[in-house]
1. Between I66 and S35, 0.36 nm times their residue separation minus their Cα-Cα distance comes to what?
2. Give me L61, L51, L34, L9 ranked fewest to most by other Cβ atoms within 10 Å of their Cβ, as a rough exposure proxy.
3. Between T6 and T87, what length in nm is gained on full extension when 0.36 nm per residue of separation is reduced by their alpha carbon distance?
4. Report the Cα-based extents of the stretch 6-93 along its three principal axes, largest first, to the nearest Å.
5. Normalised by the residues of the chain, what does the relative contact order come to in percent, with Cα pairs under 8 Å and at least six apart?
6. Evaluate E = 1/(1 + (r/R0)^6) for R22 and R95, where r is the Cβ-Cβ distance and R0 equals 41 Å; express this FRET efficiency to the nearest 0.05.
7. Using a 10 Å cut-off around each Cβ, can you sort S35, S55 from fewest to most neighbouring Cβ atoms?
8. In debye, nearest 20: dipole of the stretch 6-93 around its Cα centre with unit charges on the Cβ of K, R (+) and D, E (-)?
Amino acid sequence: MARFNTYILGGTPEINITAYDRDGVAFEPTETRLSIKQPDGVTITYSGADLTLGSGYQWTLYRPPIRGWYEYESWVKDGTGREATETNGFEVIDRVY
């Protein structure tokens, strides 16, 4: 049985950013940043042109280099100056069973 937010080493998970206003309505942010903290403490940051826009959200394909727990934080800013962040995570393992 697969576990939620678990990927196999060598895979390429898609990491999505969807910005929501206070009423839960999705909006297109004026600025976006995505930071991924790897298990070895290295942090990778993507922003603007590094992210692909599609159907109301932004995303990137990320290939985790090592096993372990990854945390990522998305940050967006709207036209009024409001900033919103969200933190998530996933685990990378080296086997399928």
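1. Numbers: separation 31, 0.36 × 31 = 11.16 nm, distance 1.66 nm.
Once the chain is fully extended between I66 and S35, it gains 9.5 nm.
2. Numbers: L61 10, L51 19, L34 22, L9 14.
Starting with the residue having the fewest Cβ neighbours, the order is L61, L9, L51, L34.
3. On the way: separation 81, 0.36 × 81 = 29.16 nm, distance 1.61 nm.
Extending this stretch completely gives an extra 27.6 nm.
4. Principal extents (largest minus smallest coordinate, Cα): 40, 24, 23 Å.
5. Details: 184 pairs, mean separation 34.7, N = 97.
Rounded, it is 36 percent for the chain.
6. Values: r = 43 Å, r/R0 = 1.04.
My answer for the efficiency is 0.45.
7. Values: S35 16, S55 7.
Sorted ascending by nearby Cβ count, the order is S55, S35.
8. On the way: 7 positive and 13 negative charges, 45 e Å.
It works out to roughly 220 debye.
Bear in mind that the values in this text are calculations on the coordinates, not laboratory data. Keep in mind it's a predicted model, so treat the numbers as computed, not measured. Note: ideal-geometry Cβ built from the backbone for every residue, glycine included; neighbour counts use all protein chains shown.
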